[in-house]
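**Q** Pasting a structure below so you can have a look.
The values are calculated or read from the model by the stated rules, or taken from the named source; none is laboratory data. Keep in mind it's a predicted model, so treat the numbers as computed, not measured. Note: ideal-geometry Cβ built from the backbone for every residue, glycine included; neighbour counts use all protein chains shown.
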Amino acid sequence: MAGTTGMHEAMSGYIVQQVINGIQIGSMYALIALGYTLVYGIIKLINFAHADIFMVGAYVAFFLVSFSAGASPFPFQLSILIGLAIAYLIVSAVFERPFIQQVLSKTRDTSVSAHKKAAFYVFQNALWLCCLVMVTCVTAPALFFSSRFVFSLRLGPLFFPVLIAYVMTVCAVIGIAMERIAYRPLRKKRRLSALITALGVSYFLENFCSLDFAFGSAYRAFPELITKTDIARVPGLDVAITNIFVINIVVLAALLALLWFLVEKTLIGKQMRAVACNRDAASLMGIDVNRIISFTFAIGPALAGVSGILYAMNYGVLQSPFLGFFPGMKAFIAAVLGGIGSLPGAVIGAFIMGISEVFANSIDSNLGFAAAFIILIVILLVKPTGILGKSEQEKV
Amino acid sequence: MVTQTKQSHFSRLIVVVIAFVAIQTVVGCLSGQRQFQYYARMAYLIEINIILTASLALINGYTGQFSLGHAGFMAIGAYTSAAITTIMPKILTGASLDPSTFLGNAGFVCSVIAAGCVAGVFGFIIGFPSLRLRGDYLAIVTLASGEVIRAGLRFSNFLGGPRGIPGIPPFTNAAYLGLFFVASLWMMRNFVYSRFGRACIAVRDNEIAAASMGINVTFQKVSAFIIGAFFAGVAGALFAHMSRYINPDNFGFLKTLDVLIFLYIGGSSSIAGSIVGAGIFTIVPEGLRLVNLESWRMVIYPLILILVMRFKRDGIMGDRDFSFLVPWKYKEMVLKRTL
């Protein structure tokens, strides 16, 4: 009798421990899934590159942490990439000014001869490129020295929040630049083109970051940011709650509160909801749709970047720049499971995915691999709108 | 466009076939020599990639579905044929099929066809969600199906599990490849330029209009999946007997992405697009390898894909096809519409 109770206790302890592990992974997935759901809700595009922004977040965190630990010099390649993205945004914003557009639109004048037009076209693009290079020459060093200065300070307990803020900013810049370069020109075309482009962007980011002068494809051990300790035990059961788990939950809760405030209580959140509801009507109401979409592409990637930090902390290792694929897929499935477009749905779905993954993995690692996809197929065939999704009639 | 006579059309077709046979013979003769082995292998790989790309074109380009699970079909084909030529004979007689015997060759041909059929069955299963889902959701479900197939292969110890199947006999030679290549392309071309193909295009362009014209949309979609999967399975079988070693990770999502890139850069709605896309983009990385830029291949491909999507959405060929591939009867029709 006593033996059965002991086994029973051990079993329930095991289950509780697995659920806690699942919630830890799930909070990481939730932050990615929110980005998928936000972007899908606004422009109806599965942003495959979202998973790679998650990867960029993890790698940026890796470089910054190993710099501040004195293990490596400050990564200049990072500041060049991000400097380039910032410069692109600045230059394209300047070129979109009405005055400059007026000057440039002279090429469209039919009275101008063809070769003059061609020459002007070349000049225009050369000018654009020169501006880009010049602005990059300013932004990249500025970024390099300012961030090196910040991270060489002895930040102490402030280090973690500063790291999160920095990674969020970097990922937001990359997200906005990605939308400007790849997705905006395709917005009026077939949706399939945008989907293929998203695949292309994802593939590009993965392979570009694998190059030696970017992040490199080597296996990297993430330095221990916070020493893992047990801070509490569940009474009566053999279950430990670690500080890493608490950090995961606290970060998720803080960002969720922030996101909720942003979406529900501010003007820009209201505009976002309007654009998600009906883009044409929103633009008729005077909402700058482009600005809202850019904003969405800043928030989603920023959350994914934080998730990248959590990933690096949870697993302690970055396999290669291709590491984003599976977490990204699982987060996407979580978003679908919760009902795409619904923010609370994404979080619930992510917890379900995390817990189911942990249990499937404890049976067989190959099963954990397939379980997520089987869940997805079943969900889409049975209830495509997900748990909290609104049913939507296909418009003809 | 120069109007052709029926005679010049068929003589061009014959010239193309003779040229292909000549090239294939030369490749086959040279493949024995050590210094040419590499080039022969390149030629084989191009042909396999063309079959794969054209089979994806049937699903993605002509019927307008968006499948991301093509590597899964290829894996099914490769594993089926390897099971028939390598695993089963090893269990029954202790050795895999011998390429020098008649029985071995007959077994290989059967295994390729069986590979196509089994892949077709999977195409039927995976094609079913396409009835309810479209666009992005279909893409994700097919991607997931491909990954489930891969996970299943890693799971099955009978098929070697994650270690894969080594020691597959080298059946794929110039003669077999030429035969299967021509036969597959010819069959796909016949599908495309038939009532069936036109119905697929109608479904792609407007499902509701197609249905109201009496086209069975369900039938078209599912059969496009089955036929596409069949030829992907054939390509997988040929690939398995060329590389002589397969494992589940050969057929991951990156393989599908490669085929997608061939397809959309070449032009998704013509056989010529598949030939051009797969042909060029199988050779280009070898050129990059010569100038030590091989790791840049994977950076350049997606960039080209993004640029093609932005500036020339229909790919290099658009919906133009090579003149020798278009049936004469169809050509008359098309010429009347001055396409």
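**Q** Residues that are modelled with pLDDT under 90, over 21 Å from B:ALA139 (Cβ atoms) and facing chain B (nearest Cβ under 7 Å): does segment A:186-207 have at least one?
**A** no
**Q** So, one more: Could you pull out the residue among B:ALA175, B:ALA235, B:ALA229, B:ALA202 that is in a helix (DSSP H, G or I), free of Cβ contacts under 8 Å to residues at least 60 places away in the same chain and out of contact with any Asp or Glu (no Cβ under 8 Å at 6 or more places or on another chain)?
**A** Only one candidate passes the filter, namely B:ALA202.
**Q** Still on this structure, I have one more. Please work out which one of (1) β-branched (Val, Ile, Thr); (2) at the interface with another protein chain (Cβ under 10 Å from one of its Cβ atoms); (3) in contact (Cβ under 8 Å) with a residue 60 or more places away in the chain is the condition A:VAL170 fails and give its number.
**A** Condition (2) is where A:VAL170 drops out.
The rows are residues; the columns are (1) out of contact with any Lys or Arg (no Cβ under 7 Å at 6 or more places or on another chain); (2) modelled with pLDDT under 80; (3) among the acidic types (Asp, Glu).
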position: A:SER356; (1), (2), (3): yes, no, no
position: A:SER362; (1), (2), (3): yes, no, no
position: A:GLY389; (1), (2), (3): yes, yes, no
position: A:GLU394; (1), (2), (3): yes, yes, yes
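**Q** Name the pairs: first residue in segment A:362-385 and more than 9 Å from chain B (Cβ to nearest Cβ), second residue at pLDDT below 80 and surrounded by fewer than 19 Cβ atoms within 10 Å (Cβ to Cβ), Cβ to Cβ under 7 Å, at least 6 apart or on different chains?
**A** From residues that are more than 9 Å from chain B (Cβ to nearest Cβ), the pairs are A:THR385/A:SER391.
**Q** Next question, about the same structure. For the condition at pLDDT 85 or above, surrounded by 14 or more Cβ atoms within 10 Å (Cβ to Cβ) and farther than 30 Å from B:GLY152 by Cβ, what is the one hit in B:VAL15, B:VAL21, B:VAL26?
**A** Of B:VAL15, B:VAL21, B:VAL26, the one residue that is at pLDDT 85 or above, surrounded by 14 or more Cβ atoms within 10 Å (Cβ to Cβ) and farther than 30 Å from B:GLY152 by Cβ is B:VAL26.
**Q** Still on this structure, please answer the following. Could you tell me whether any residue of segment A:205-225 is touching a Ser or Thr at 6+ places or on another chain (Cβ under 9 Å), closer than 30 Å to A:SER12 by Cα and assigned to a helix (DSSP H, G or I)?
**A** No, segment A:205-225 contains no residue that is touching a Ser or Thr at 6+ places or on another chain (Cβ under 9 Å), closer than 30 Å to A:SER12 by Cα and assigned to a helix (DSSP H, G or I).
**Q** I've got another one for you. Being surrounded by fewer than 22 Cβ atoms within 10 Å (Cβ to Cβ) and in contact (Cβ under 8 Å) with a residue 40 or more places away in the chain is the filter here; which residues of segment A:157-167 pass it?
**A** Once the filter is applied, which keeps residues that are surrounded by fewer than 22 Cβ atoms within 10 Å (Cβ to Cβ) and in contact (Cβ under 8 Å) with a residue 40 or more places away in the chain, segment A:157-167 yields A:PHE159, A:PHE160, A:LEU163, A:ILE164, A:TYR166.
**Q** Looking only at segment A:209-229, count every residue that is in contact with a Leu (Cβ under 9 Å, 6 or more places away or on another chain) and within 8 Å of chain B (Cβ to nearest Cβ) and tell me the total.
**A** Adding up the residues that qualify gives 0.
**Q** May I ask you to list the residues in segment B:252-272 that are away from every other protein chain (no Cβ under 14 Å) and either within 14 Å of B:HIS70 (Cβ to Cβ) or in a helix (DSSP H, G or I) (or both)? So that I can check it myself, show each step before the final result.
**A** Restricting attention to segment B:252-272, the residues satisfying the condition of being away from every other protein chain (no Cβ under 14 Å) are B:270-272.
Selection gives B:ILE271, B:ALA272.
**Q** Hey, another quick one. Return a yes/no flag: does segment A:188-195 have any residue that is outside any helix (DSSP H, G or I), farther than 19 Å from A:PRO301 by Cβ, over 16 Å from the mean Cα position of the chain (by Cα) and among the hydroxyl-bearing types (Ser, Thr, Tyr).
**A** Within segment A:188-195, not a single residue is outside any helix (DSSP H, G or I), farther than 19 Å from A:PRO301 by Cβ, over 16 Å from the mean Cα position of the chain (by Cα) and among the hydroxyl-bearing types (Ser, Thr, Tyr).
**Q** Looking at (1) farther than 25 Å from B:GLY228 by Cβ; (2) crowded, with 22+ Cβ neighbours inside 10 Å, which is the one condition that is false for B:ASN49?
**A** For B:ASN49, the failing item is (1).
**Q** Could you list all residues from segment B:112-136 that are facing chain A (nearest Cβ under 7 Å) and in a helix (DSSP H, G or I)?
**A** Answer for segment B:112-136, where residues must be facing chain A (nearest Cβ under 7 Å) and in a helix (DSSP H, G or I): B:PRO129, B:GLY135, B:ASP136.
**Q** Please work out which one of (1) assigned to a helix (DSSP H, G or I); (2) over 17 Å from the mean Cα position of the chain (by Cα); (3) more than 10 Å from chain A (Cβ to nearest Cβ); (4) of a type outside the set (D, E, K, R) is the condition B:ALA139 fails and give its number.
**A** (3)
**Q** Next question, about the same structure. Would you point out the residue of segment B:236-259, among those that are surrounded by 24 or more Cβ atoms within 10 Å (Cβ to Cβ) and among the aliphatic types (A, V, I, L, M), that is nearest to B:ALA199 (Cα to Cα)?
**A** Among those residues, the one meeting the criterion is B:VAL259.
**Q** Against the conditions (1) modelled with pLDDT of 90 or more; (2) over 13 Å from A:TYR40 (Cα atoms), where does A:PHE326 fall short? Just the number, please.
**A** (1)
**Q** What is the one condition in (1) at the interface with chain A (Cβ under 9 Å from one of its Cβ atoms); (2) in contact with a Pro (Cβ under 8 Å, 6 or more places away or on another chain); (3) buried (at least 20 other Cβ atoms within 10 Å of the Cβ); (4) hydrophobic (A, V, I, L, M, F, W, C) that B:ALA144 does not satisfy?
**A** The one condition B:ALA144 does not meet is (2).
**Q** I've got another one for you. Out of (1) buried (at least 20 other Cβ atoms within 10 Å of the Cβ); (2) within 18 Å of A:ASN47 (Cα to Cα); (3) within 11 Å of another protein chain (Cβ to nearest Cβ); (4) touching a residue at least 60 places away in the same chain (Cβ under 8 Å), the odd one out for A:ILE181 is which?
**A** Answer for A:ILE181: the failing condition is (1).
**Q** Can A:LEU237 be described as farther than 30 Å from A:PHE62 by Cα and without any contact (Cβ under 8 Å) to a residue 24 or more places away in the chain? So that I can check it myself, show each step before the final result.
**A** Working: farther than 30 Å from A:PHE62 by Cα: yes; without any contact (Cβ under 8 Å) to a residue 24 or more places away in the chain: no.
Taking the combined requirement at face value, the residue does not satisfy it.
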